[in-house]
1. In whole Hz and in residue order, list the ³J(HN,Hα) couplings for segment 89-98 that follow from phi through the Karplus curve 6.51 cos²θ - 1.76 cosθ + 1.60, θ = phi - 60°; x for Gly and Pro.
2. Could you give me the ³J(HN,Hα) list for segment 154-165, computed from phi with Karplus coefficients 6.51, -1.76, 1.60 and θ = phi - 60°, whole Hz, x at Gly and Pro?
3. In whole Å, what is the distance between the alpha-carbon centres of segment 217-238 and segment 161-188?
4. Before anything else, pin down the relative contact order of the chain: Cα pairs under 8 Å, at least 6 apart, normalised by residue count, whole percent.
5. Rounded to the nearest 5, what is the percent of antiparallel bridges among the DSSP beta bridges in segment 170-223?
6. Quick check: Cα centre of segment 70-144 to Cα centre of segment 28-54, how many Å?
7. Loop only per DSSP, at most 13 neighbouring Cβ atoms within 10 Å: give me the trypsin sites (Lys or Arg not before Pro) in segment 170-230, ordered by residue number.
8. Whose amide H sits under 5 Å from the amide H of TYR137, counting only residues 5 or more places off or on another chain, with H placed in the peptide plane?
Amino acid sequence: MLHIERKEAIISVLEKQEVATVQELVKATGASESTIRRDLTDLESQNYIKRLHGGASLSRRKTEEPSMAEKKSVNQAEKKRMAEAAASLIKNKDCLFLDAGTTTIELIPFLADKEVIVVTNGIHHVPLLLEQGIETYVTGGKAKPNTAALTGGRAVESMKEFRFDACFLGMNGIDAKQGYTTPDPDEASVKKTAITLASRAYVLADHSKIGEVSFGSVASLAKAFIITSDKTEADQLQALQQETEVKVVDV
């Protein structure tokens, strides 16, 4: 397969399934793993794709949100460790807001013995919370097809009926200067409201989110504590720690 044909094949695979591992691309093209990695580096430099741990996804504009399927397969070990660390900060009988997303959903197995009450805008979160016997409330709002999050004005208004001991949020971008950001302004409003209504606010973010900036502004870094992993670069951690408290977990 020619060089240009191989790159076109890589993009074709990513268009079909949103995210692919290096091994899947090796199988699709018949090329070696080292060749595929070089191709991915070239395609990322041309802004066609975004490198992920062990694979790649198509490059997205700052207003575009990755799907649940795309995010679920990325940095899974980090997400579980961050969720475990976050759960250790929850007190018995706390009232919580649990944001939609593939990181916050990992918190749910750790909540069963906490006797907590949970409000969530995550459609996928609800059956898992109920399976754990957790008292659960769901926001109103418009359901986003790619992330299964309830967002918009109705979600925000329904949240104002509650007050939270703590909220746990996912985030697409965390930057020392631009703060917390997410692609969808409607979803940004939900996250912003949760921070306002919570006594303690935590943002769970794997290393790939650090230094990224999306379209919708949520809040400055000082408005929430950050939970991330030791895969985050030391200089990035130092910049964040100048603005807020950061809990770093080992992976």
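Every number here is computed from the coordinates shown, using simple stated rules; none is lab data. Note that the structure is a prediction, hence the values are computed from the model and not measured. Note: ideal-geometry Cβ built from the backbone for every residue, glycine included; neighbour counts use all protein chains shown.
1. Taking θ as phi minus 60°, the curve returns 8, 8, 9, 4, 6, 5, 9, 10, 10, 10 Hz for segment 89-98.
2. With coefficients 6.51, -1.76 and 1.60, one gets 5, 5, 4, 5, 5, 5, 5, 6, 10, 10, 10, 5 Hz.
3. If you average the Cα positions of each part, the centres end up 12 Å apart.
4. 15
5. 75
6. A separation of 34 Å, based on Cα centres.
7. Counting only loop positions with at most 13 other Cβ atoms within 10 Å, the trypsin sites (Lys or Arg not before Pro) in segment 170-230 are LYS177.
8. VAL118, VAL119, THR120
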